[in-house]
Amino acid sequence: MGCAEENPEEKPKCNPFGTRFLTDDAKVFEHNAWDDVEWSEEQQEEAKRIVENQQSMKVDEEKAMRLLSAPADQWDAFYAHNENRFFKDRNWLLKEFPELDVNEACNSENVTVKILEVGCGVGNTTFPLMQVNNSSSRLFLHSCDYAPNAIRVLKSQEAYDPEKMNAFVWDITQPTPEEAPAPESLDYIVCIYVLSAIHPDKIRKALSNLMSLLKPGGTLLLKDYGRYDLTQLRFKKDRLIEGNLYCRGDGTLVYFFEMEELEALLGEFKMKKKVMHVDRRLIVNRAKQVKMYRQWIQGKFLKPVEL
Ligand SMILES: C[S@@+](CC[C@H](N)C(=O)[O-])C[C@H]1O[C@@H](n2cnc3c(N)ncnc32)[C@H](O)[C@@H]1O
């Protein structure tokens, strides 16, 4: 099991990562997906070997320097080209992060719940979140991304409501801009596939910036790529930059985390783990009889009231 629980009270009532478990290998092609799949030792070794082999086909240094010097440019070009046609809405969000349905909190406590979504892109998390909390007039949702084209597309959507939303351009590795929420004002910070887009040398600066905006007692919710995810193992020539950092074909960066590594990083900022889980899923292409092993890390971290 990849689940590392510290506080049993945080355990969800039903398993948000699914309950279709593969107990008989002979039946693997009977369904499209299996949940919480254990990796054998041979499989782990094979993954390690693939990543070691990638060392001999790294991106050339000049290209790596160019991509690392202005990573926002690649994402900005991506959104200029794709607009809102690439990412799907993150409709699983409430299943994994039920706390983001803030209706109840608003009604019972008469408070405004303030959320910052980081690396929001064109709003695939922002809009589903607003939709589920539509009746709640006391949710305020800040959304930021360092790609100006992403923010332009997000703000041009009909559902963008400036009374309840504030989308702004911010590279979270840089000082907070004027439009950012006030220090220690946020109840939640949501990071979906964004920490993996940041160079490991800059991740501490990014986390320090984010943590300064979170209220004592506020929560960081994250979901990201795990080490040896299928996408990491499939990278061929000219993709590995260094360590576990790669560039995709479009030049955007992606890092693959170990769960313990992320936990230790957040620990440096005194963030207290509520829940962390490696979501290991086996996706099956039944027609082609192909197995695809995905690994995502999900975590919830509390900023203690007293540091
Ligand atoms: C893989 S996409 C995920 C988009 C969105 N969270 C989703 O799940 O659809 C990563 C996003 O993070 C943004 N991003 C990467 N590094 C960033 C940084 N340092 N500051 C702000 N945004 C960043 C990118 O522009 C991109 O929109």
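The values are calculated or read from the model by the stated rules, or taken from the named source; none is laboratory data. Computed from a prediction, not measured in an experiment: that's the story for all the values here. Neighbour counts run over all protein chains shown; Cβ positions are idealised from the backbone, glycine included. Calculation scope for accessible area: heavy atoms of the full protein, side chains included, ligands and nucleic acids excluded. Shrake-Rupley method; radii C 1.70, N 1.55, O 1.52, S 1.80 Å.
Brief remarks follow.
- For the range 3-302, with +1 on Lys and Arg beta carbons and -1 on Asp and Glu, the positive-most of 77, 139, 296 along the dipole: 77
- Straight Cα distances below 18 angstrom link residue 288 to the aspartates and glutamates 25, 30, with same-chain residues fewer than 8 positions distant left out.
- Value of relative contact order over the range 155-307, rounded to a whole percent, pairs C-alpha under 8 Å and six or more apart: 25
- Estimated dipole of the chain in Debye, rounded to 20 [Cβ of Lys and Arg +1, of Asp and Glu -1, Cα centre]: 560
- Given the chain, longest segment not containing exposed loop trypsin sites (Lys or Arg not before Pro) (DSSP; at most 11 other Cβ within 10 Å): 89-233
- GluC sites (Glu not before Pro) within the range 200-307, DSSP loop, no more than 16 other Cβ atoms inside 10 Å: 258, 268, 306
- DSSP bridge pairs, the chain: antiparallel proportion in percent, nearest 5: 60
- Theoretical gain in end-to-end length, residue 268 to residue 26 [0.36 nm per residue, Cα-Cα removed]: 82.6 nm
- Net +/- balance of residues flanking residue 24 in space, Cβ distance below 14 Å, scoring K and R +1, D and E -1: -1
- On the chain, 48 percent of the accessible area sits on carbon and sulfur atoms, based on a 1.4 Å probe.
- Volume per residue for the chain equals 151 cubic angstrom (convex hull of Cα atoms).
- Charged neighbours of residue 149, selected by a Cβ distance under 15 Å, balance to -3 (K, R count +1; D, E count -1).
- Each Cα pair under 8 Å and six or more residues apart adds its separation to the average, and for the chain the resulting relative contact order is 22 percent.
- Sites matching GluC sites (Glu not before Pro) across the range 11-64 that sit in DSSP coil, with at most 14 neighbouring C-beta atoms within 10 Å: 38
- In the chain, the calculated helix contribution to ellipticity at 222 nm averages -8000 deg cm²/dmol per residue, counting -39,500 (n - 2.57) for every DSSP H run with n ≥ 4.
- Per residue, the accessible area of the range 3-302 comes to 50 Å², computed with a 1.4 Å probe over protein heavy atoms only.
- Among the listed pairs 215/274; 95/223; 215/272; 27/48, those beyond 18 Å (Cα-Cα): 27/48
- Taking θ as phi - 60° and the Karplus parameters 6.51, -1.76 and 1.60, the scalar couplings of the range 111-126 work out to 10, 9, 8, 10, 10, 10, 9, 9, x, 6, x, 8, x, 6, 9, 3 Hz in sequence order, x denoting glycine and proline.
- What you get for the range 242-307, charging only the Cβ of Lys and Arg (+1) and of Asp and Glu (-1), is a dipole of about 560 debye around the Cα centre.
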